[in-house]
Amino acid sequence: MLSRIDLRGRTLGTAELRRTLPRGAADVDSVVDTVRPVVEAIREHGAAAALDYGEKFDQVRPSSVRVPAEVITEAGENLDPVVRAALVEAIRRARIVHSAQRRGDTVTEVATGGFVTEKWVPVERVGLYVPGGKAVYPSSVIMNVVPAQVAGVGSLVVASPPQADFGGWPHPTILGACALLGVDEVWAVGGAQAVALLAHGGEDTDGLELEPVDMVTGPGNVYVTAAKRLCRSVVGIDSEAGPTEIAVLADHTADPVHIAYDLISQAEHDPNAASVLVTDSEQLADAVAREVEARYTVTLNADRVREALEGPQSGIVLVDGIDAGLRVVDAYAAEHLEVQTRDSAADAARVRNAGAIFVGAYSPVPLGDYAAGSNHVLPTSGTARHSSGLSVQTFLRGIHVIDYDRAALKEIAPTVVALADAERLPAHGEAVRARFEDLTAEEEEQ
């Protein structure tokens, strides 16, 4: 089921490694032209167009875009007690972690009387997308809402696809999670049309305004990603997320049953999900392959798992040792990286590129998906080489405030003038000199 790439005895450069390693990727370019008319129609016609497309794609049309407050409240009250307790605990842990991320303003005195302050200002209004296709994702409500709330975002709206089985509203568990978090604005709209409507706004069926947002975050399928790309000149986005990924760096000390279940767990998300094992132990590779074959069939989503594990984006990579394995996982830059080696903590500390790192046998990826306190909205498709996961910082903007008095500006004026002249932009220098010299008299003399 899992293909193999044997890199033992080979030393590959970074570029060749990236070409050689299995990789799942969403072909966003292939659907951009399909999504573009959707975005343009919603920009022109607002909510009516969004509802039309939702009915066309999902065969369901809610009576309004905005979910009534009583529907959200009822969903919160009717949550299964076990699910409620789990959500409450996941929220608690997420708040602990994300509250520690909030940056404070910094004031720097560059020179006597010359100050530069960096202040952090939250985005004013944010649209948080929560998928609702192959699975139900209340965890994504938590992962998007908590950091936005901690950042101090003033206005939040959650968008999630309407469900024919639930009166045209999003899944009750999604609405219940919103209720627990105090989110009172939820839109029953999904897919590309949700992103477009969040970006451009419109008028609901009852005539009330659906205010556009300043930023859209949250995972979604390739159509959602294409819509984000098309709307990013209008709103900010967190990332262009691709299919989920797990890479496991392991040696002979790892338990093959644990690894098999971890690979299967991510494969059940999507047929395009990537599950990759990197190991220097052929014996472990063989054992994991056997355990995967033996265990995947008992899962609820066995067909989906099989398709993902048999795809070219999944496989086993054999390496000469853990040092070589570290080079491989850094080149791969997985969304989720598990390190299960003899010295997991030390080896994990050497990793440079990953969306999130899970250390040792008792920190599996599903822990991070739900209740570690970390965020599960992470960079995919190798973008962890340069991008971070969703955090409080995603929703904050750094603004520099420059405050120089007269003496401080006069002291630095010759430097500004010299650089302005060097760049052949003399008016820049004159804007400074005019505060200390009579440039009118100078011009008359010329």
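Computed from the coordinates by the stated procedures, all read-outs in this text should not be read as laboratory data. Worth saying up front: this structure is predicted, and the values here are computed from it rather than measured. Note that we place each Cβ from the backbone using ideal geometry, even for glycine, and neighbour counts take in every protein chain shown.
Things worth noting here:
- The charge dipole of the range 49-125, taken about its Cα centre with unit charges on the Cβ atoms of Lys, Arg (+1), Asp and Glu (-1) only, comes to about 240 debye.
- Here the calculated FRET efficiency for D403 and A345, from their Cβ-Cβ distance with R0 = 30 Å, stands at 0.10, rounded to the nearest 0.05.
- Computed FRET value (nearest 0.05) for A15 with R352, which takes r as the C-beta separation and R₀ as 22 Å: 0.85
- Cα-based helix-to-principal-axis angle, 172-181 vs the chain, degrees rounded to 10: 40
- Under Karplus coefficients 6.51, -1.76 and 1.60, residue-wise ³J(HN,Hα) of the range 68-83 in Hz, glycine/proline x: x, 4, 5, 5, 5, 4, 4, 4, x, 5, 9, 4, 4, x, 5, 5
- When W187, W120 are sorted by how many other C-beta atoms sit within 10 angstrom of their C-beta, beginning with the fewest, the order is W120, W187.
- Each 10 Å bin, from zero up to the one with the longest distance, holds this percent of the alpha carbon pairs of the chain: 4, 18, 25, 21, 15, 10, 5, 2, 0, 0.
- Pairs of C-alpha atoms in the range 252-381 farther apart than 27 Å represent 11 percent of all such pairs.
- When only Cα pairs below 8 angstrom with a gap of at least 6 residues are kept, the range 405-445 shows a relative contact order of 30 percent.
- Directionally averaged shadow of the range 372-446, computed from the convex hull of its alpha-carbon atoms, nm²: 9.7
- Cut-off under 5 Å, modelled amide H: who pairs with A159 long-range: L128, Y129, V130, W187
- Over the chain: helical MRE at 222 nm, DSSP H runs n ≥ 4 each giving -39500 (n - 2.57), nearest 500: -13500 deg cm²/dmol
- Estimated distance in nm for a label pair at T415 and D320, the labels positioned 7 Å out from Cα along Cα-to-Cβ: 5.0
- In this simple spin-label approximation, L439 and E209 carry label points 7 Å from Cα along the Cα→Cβ vector, and these lie 4.1 nm apart.
- Backbone N under 16 Å from the A164 label point (7 Å along Cα→Cβ), restricted to the range 129-148: 133-134
- Cα-only radius of gyration and Dmax that characterise the range 405-445, units Å: 10.5, 30
- Sequence ranges 277-289, 107-119, ranked by mean other-Cβ count within 10 angstrom, highest first: 277-289, 107-119
- Highest mobility in the GNM of the chain, judged by mean-square fluctuation with C-alpha springs under 10 Å and restricted to I96, I357, I399, is found for I399.
- Largest mean-square fluctuation among L197, L396, L419, in a Gaussian network model of the chain whose springs join Cα atoms under 10 Å apart, belongs to L419.
- Using θ = phi - 60° and Karplus 6.51 cos²θ - 1.76 cosθ + 1.60, couplings along the range 147-153 (whole Hz; Gly, Pro as x): x, 5, 5, 5, 5, x, 4
- Rounded tilt (10° steps) of 191-200 against the dominant C-alpha axis of the chain: 20
- Choice from A371, A294, A434 with maximal GNM fluctuation in the chain (Cα, 10 Å cutoff): A434
- Cβ-derived FRET efficiency at R0 41 Å, L425 paired with T299, nearest 0.05: 0.05
- Residues whose amide H lies under 5 Å from that of I316, counting only those 5 or more places away or on a different chain, are S3, R4, I5, L277; hydrogens are built 1.01 Å from N in the peptide plane.
- Table column - 3J(HN,Hα) (Hz), the range 224-233, Karplus curve with 6.51, -1.76, 1.60, x for Gly and Pro: 4, 5, 5, 5, 4, 4, 6, 9, 6, 7
- The angle between the Cα long axis of helix 47-58 and the longest principal axis of the Cα atoms of the chain comes to about 20 degrees, rounded to the nearest 10.
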